[in-house]
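This report refers to the structure that appears directly beneath it.
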Amino acid sequence: MSDTRPARGLDTNRPHSARMYDYYLGGKDHFEVDAQAAERVVAVFPSIFTCARENRAFMHRATRVLAREHGIRQWLDIGTGIPTEPNLHQVAQSVAPSARVVYADNDPLVLKYAERLMRSTAEGRTTYIEADVNDPESLLDSPELSEVLDLDRPVALSLNALLHFVPDAQDPHRIVRTLLGALPSGSALAISHCTPDFDPVSWEKVEDIYNGSGTPVQFRTRKEVAGFFEGLDLLEPGISVGHRWRPDGASEDVPTDAEVSLWVGVGVKP
Ligand SMILES: C[S@@+](CC[C@H](N)C(=O)[O-])C[C@H]1O[C@@H](n2cnc3c(N)ncnc32)[C@H](O)[C@@H]1O
């Protein structure tokens, strides 16, 4: 850890998804318990580093495409994660300095570092809300959200590497419908989601590690991920493996689909 002061509500006795993800990305904002759990994942799926890196790269490209080609100027990013440069608002504001971003996560450690998410351009705005995606109504009702986002204008809802932490028992489709229902026509949905489709044996082991350490997960098939975009117009190239969605040639090594093991997509509300 770069800062050893515990944050309010922080449970350092068991691994947490945000801090394990920080480990995969080569960050320093995790504890030993997270590193150990992450290493157990690495042992069964060594490409988890590629998967995490490509997930981040998809977020960058999707954000730029929405800002450049679809005029999006507002984002609601749920399951933000521990700040990792460039954060979503930095990508969006590099295209449109006036971009506004509301970040939300339920991990107290993300809150602890939230000031890193608040370094907005003078023209734009960002804020951070500690919130659980399983209660979308409270998030939508929060005054911090309405201070930054104008829900009468298009908003991109960004749910990157989040929905596999919402098993079917928690009805993720209702959650996505509720969030999109609050957004006007022209709004967008960007999703990335881990999948067992290319390497089911390894991903079953990954699922066991997360479930066994107290973080329920459900990795989904292409068809299941496509279901989240029902009623939206999918941008080309549709539901794709992470690195195949509008590649920008930034990365020299092209990974295999199994190494990436992420379904991604971006849809626009008609
Ligand atoms: C794998 S990280 C993804 C971070 C970032 N979105 C990205 O794609 O780079 C998943 C994030 O979702 C958050 N998360 C998990 N369950 C959540 C929930 N029920 N409500 C809000 N955030 C949640 C975790 O705390 C973690 O920060």
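The values are calculated or read from the model by the stated rules, or taken from the named source; none is laboratory data. Please read all numbers here as calculations on a predicted model, not as lab measurements. Positions of Cβ are backbone-derived with ideal geometry, glycine not excepted, and every protein chain shown enters the neighbour counts. Heads up: the accessible areas ignore ligands, DNA and RNA and are worked out on the full protein's heavy atoms, side chains in. Shrake-Rupley method; radii C 1.70, N 1.55, O 1.52, S 1.80 Å.
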* Asked: In region 81-91, which residues are within 11 Å of the ligand (Cβ to nearest atom), among the hydrophobic types (A, V, I, L, M, F, W, C) and either over 11 Å from Thr126 (Cα atoms) or in contact with a Leu (Cβ under 8 Å, 6 or more places away or on another chain) (or both)?
  -> Ile82
* To do: Any chance you could count how many residues in region 117-133 are open to solvent by less than 60 Å² (accessible area, probe 1.4 Å) and either under 22 Å from Ala169 (Cα atoms) or of a type in the set (Lys, Arg) (or both)?
  => 2
* Asked: Does Arg220 satisfy the criteria of being within 18 Å of the chain's Cα centre (by Cα), part of a loop (DSSP other than H, G, I, E, B) and of a type in the set (Lys, Arg)?
  -> yes
* Taking helices (runs of 4 or more DSSP H) that do not extend beyond region 92-201, which have at least 2 residues that are at pLDDT below 95 and within 11 Å of the ligand (Cβ to nearest atom)? -> 108-112
* Return the pairs, sorted by first residue and then second, in which the second residue is among the hydroxyl-bearing types (Ser, Thr, Tyr) and not in a loop (DSSP other than H, G, I, E, B), the first residue lies in region 21-37 and is closer than 20 Å to Phe165 by Cα, the beta carbons are less than 6 Å apart, and the residues are 6+ apart or on different chains. => His30/Tyr23; Asp34/Tyr23; Ala35/Tyr23
* **Boolean, Arg244 is farther than 23 Å from Tyr24 by Cα and either open to solvent by 30 Å² or more (accessible area, probe 1.4 Å) or within 16 Å of the chain's Cα centre (by Cα) (or both)** => no
* Asked: Taking into account only those residues within region 28-60 that are under 14 Å from Pro83 (Cα atoms) and modelled with pLDDT under 95, which is most open to solvent (accessible area, probe 1.4 Å)?
  -> Lys28
* To do: Kindly provide the set of residues from region 202-216 that are part of a loop (DSSP other than H, G, I, E, B), on the phi < 0 side of the Ramachandran plot and touching a residue at least 60 places away in the same chain (Cβ under 8 Å), ordered by number.
  => Ser213, Thr215
* Here is a list of conditions, (1) open to solvent by 30 Å² or more (accessible area, probe 1.4 Å); (2) away from the ligand (no atom under 13 Å from the Cβ); (3) closer than 30 Å to Gly186 by Cβ, and Leu66 meets all of them except one; can you say which number that is? -> (1)
* Complete set of residues in region 83-104 that are in contact (Cβ under 8 Å) with a residue 60 or more places away in the chain and open to solvent by less than 10 Å² (accessible area, probe 1.4 Å) -> Leu88
